[in-house]
Amino acid sequence: MQPNYKRFLGPVFSRARALSRRVIPPRQENIIGGKEGIQTFLEESVAIEAAQVVIPPEFNGKDYVTFLLHIDAEIEHGLMIQYLYAAYSLGGPQVPEANQATVSAWQETILGIAKEEMGHFVSVQNVLKLIGAPLHFERQDYPWDTPFYPFPFKLEPLTLSSLAKYVYAEAPESFLTSDDPIAKEIVATVNADVSNPNTVGALFSVLLQLIQDPDVIGDEIFQANTYPFQAKFDEWGRGYKGGARGNTQGGSPAGSPDVLVMPLASRDDAFNALNAIAEQGEDNTGTTDDPSHFERFLKIYTEMRGMTGVPFSRKLATNPYIQEDVEDPNSSPSEGQTDNSDPRDPITNPNAQQWGHLFNLRYRMLLNFLTHSFVLVDGLNVAGAMTPRGLIINSTFGEMYNLRAIASEMVKLPLNVGKGDKLAGPPFLIPYTLELPTGEHNRWRTHADLIQASGVLIDQMLSNSNIGHQRYLHALKEADAKLNQVIQDMLAVNA
């Protein structure tokens, strides 16, 4: 991992060591040793929570919280992308008819969890906005390993082994250290695949302690006037309440949690938001009946164990990428591809390459729209019937659907022409920058630039008689033309 991260994580490493020495039971009544065991557990808990976090000397309290929130944002972003890739890999004509409904339900469940990770990612930006800190939409590219990232970033089709990592990442300590045979199997599988699997509990433990301490962050740091600029559930929830949307197969169990998009106005709001994010991932302690990410992944894992030999996933590439520098066969645009710790599959099929370029471009557009939404407020610089903020949020959702549509095509295309049976997958290449320029005029111009680049690529694809789904490409080009016209009108009004 980068030294500029590692050198400042001493307080979190210390908390991780303390937490790892404590076995957290799922229920108090299950503590070995009865009342004596309960007392020991409570004393250890109090000691860990009360232990002062020593902030590194190059930070003040607010700056260090910002640093930790940036790490958390990368974790949420990275998990979301890996879960999406795993979900996209499910299904296909090779799935026996008797298993198709089950596999479809798994896909819905994992897509639902990915949506909730998106909510976590956005809510972390709200916390950063509230305290006047830089927003952070980046993520690590494979195969970097950052402490408290549960495992190195890896795009791979869903298998029992990869699913074990997802269960592990979301599991409470009480499960991982229990005598449950499935828990032991999962821990053994993950340890065999990942040299140093991490958990994020220590990161949240430190964050929650620091953000509620007025000696670390004064009350004046929390800026309620940022509320109009923050993401809100009525803008971003869009029918996802209680896992209701995208659940036609009933994959997400009844009572699945809301997508958490929480606007904030105070210290308590920030604490509650981070605490809710932590709880939605791990198994809860009985305070709510909402099924956690851990419980839903474990349910899929248990079902999958009983389907040995069923080809429920497509043979997708692992860490797919499009090689850019033809002069250097080892080159790749991915910043993290500096060693051979994980396989990386280059996409050499020309048709899949074109779809991959389009996917990466639309992924960048989505992230740019999301970034822009945090500097806009309703009612300002209105041009026409829609506010700029409404237009940006609507465009963000549009790109989510575009990524799903493009990925659905890529998972059917050969990775290589006439070589092997692997299929291409969406590359999810992180852009060279997610910084937007200063000034509204320049920000809108950036969106127009990417629409223009997309138009050139779409024209090239439409001229390729071997490219399928041309109706979708024509529709995408038409939608882009309408959006670009609105942007040009706005630029003219505000010139």
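Numbers below:
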read-out	value
Ranked packing of 438-451, 400-413, most packed first, by mean Cβ within 10 Å	400-413, 438-451
Relative packing of 359-365, 81-87, which averages over residues the other C-beta atoms within 10 Å, highest first	81-87, 359-365
Sequence of K115, K299 when ordered by accessible area, the most exposed leading, probe 1.4 angstrom	K299, K115
Tail weight of P(r) past 17 Å, computed on alpha-carbon pairs of the stretch 52-155, percent	62
Charge-dipole axis of the stretch 86-175 as Lys and Arg at +1 and Asp and Glu at -1 on Cβ define it, positive-most pick from H120, A101, S174	H120
Volume of the Cα convex hull of the stretch 409-495, divided per residue and given in Å³	107
Probe 1.4 Å - accessible area at F153, Å² to nearest ten	0
Solvent exposure ordering (accessible area, 1.4 Å, most first) of K184, K154, K165	K184, K154, K165
Alpha-carbon centroids, the stretch 419-462 and the stretch 62-80: separation in whole Å	24
Residue pairs, from the table K62/K165; K129/K477; K422/K482; K165/K477; K184/K232; K62/K232, whose Cα atoms sit over 31 Å apart	K62/K165; K129/K477; K422/K482; K165/K477; K184/K232
H474-K412 pseudo-label distance in nm [points 7 Å out on the Cα-to-Cβ vector]	1.8
Sites S195 and E97, calculated FRET efficiency, Cβ-Cβ separation with R0 30 Å, nearest 0.05	0.15
Long-range HN-HN contacts of L423 with modeled amide H, under 5 Å	K315, L316, A317, L415
Area accessible to solvent at E58, 1.4 Å probe radius, in Å²	120
Residue among H469, I458, L415 farthest towards the positive dipole end of the stretch 406-495, charges placed on Cβ	L415
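The values are calculated or read from the model by the stated rules, or taken from the named source; none is laboratory data. None of these values were measured; they are calculated from a predicted model. Quick reminder, even Gly has a Cβ in these numbers, built from the backbone with ideal geometry, and neighbours come from all protein chains shown. We work out accessible area using only protein heavy atoms, side chains counted, and drop any ligands, DNA or RNA first. Shrake-Rupley method; radii C 1.70, N 1.55, O 1.52, S 1.80 Å.
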